[in-house]
Amino acid sequence: MTSMLTDLADGIRRLQKLNKDMSELELREEALNLRQLLVDAREALSAKDTEIQALKDKIDRIESGDACPLCRAGRLSITAINEHPVFGVFGHQEHTLKCSKCGHTETRKVDPK
Ligand SMILES: [Zn+2]
């Protein structure tokens, strides 16, 4: 990406240095060269955007607390809600969660208030 920007800057610099001695053919070649560099830069940016979006989605999954702590690929969903065996007297619940990918299960104490 950095080298691509350097190429672009070089191309623009060459265009700025143009003098009247430069033939129309040379000008055209330079313009085509610059156009190709811009296309390449746009494709590279687009690829980076896709990569950034994928990473954002991954971060969202992990931060949401629904990501499986074991396989990191699946999501945990609640399969049962019961009275908590110890803190049930305070109105707390015990949620059982299961991973959609690896089948890992875990329980969480939840205060519904
Ligand atoms: Zn899992």
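Here each label is just a point 7 Å from Cα along the line to Cβ, and for LEU15 and ALA73 those points are 4.7 nm apart. Ignoring lysines fewer than eight residues from LYS56 along the same chain, the ones with Cα atoms less than 30 angstrom from its Cα are LYS48, LYS98, LYS101, LYS109.
Computed from the C-alpha gyration tensor, the three semi-axes of the ellipsoid equivalent to the chain are 62, 12, 8 Å, from longest to shortest. In this label model, ASP49 and GLU83 are separated by 5.6 nm, measuring between points 7 Å along each Cα→Cβ vector. Relative protection proxy for 50-58, 80-88, 94-102, from highest mean packing down: 94-102, 80-88, 50-58 (other beta-carbon atoms within 10 angstrom).
A full extension of the chain between ASP66 and ARG35 corresponds to an added length of 6.6 nm, given 0.36 nm per residue minus the alpha carbon distance. Rounded to the nearest 0.05, the FRET efficiency derived from the C-beta distance between ILE59 and LEU5 at R0 = 41 Å is 0.95.
Only helices enter this figure: runs of n ≥ 4 DSSP H residues, each worth -39500 (n - 2.57), summed and divided by the residues of the chain, yield -17500 deg cm²/dmol at 222 nm to the nearest 500.
P(r) tail for region 2-63: Cα pairs beyond 13 Å make up 69% of the total.
Multiplying the residue separation of GLU26 and LYS113 by 0.36 nm and subtracting their alpha-carbon distance yields 23.8 nm.
Throughout, read-outs are computed from the coordinates displayed, never taken from laboratory work. In this text the structure is predicted, and so the values were computed from the model without any measurement. Every residue, glycine as well, gets a Cβ built from its backbone with ideal geometry; the counts of neighbours run over all protein chains shown.
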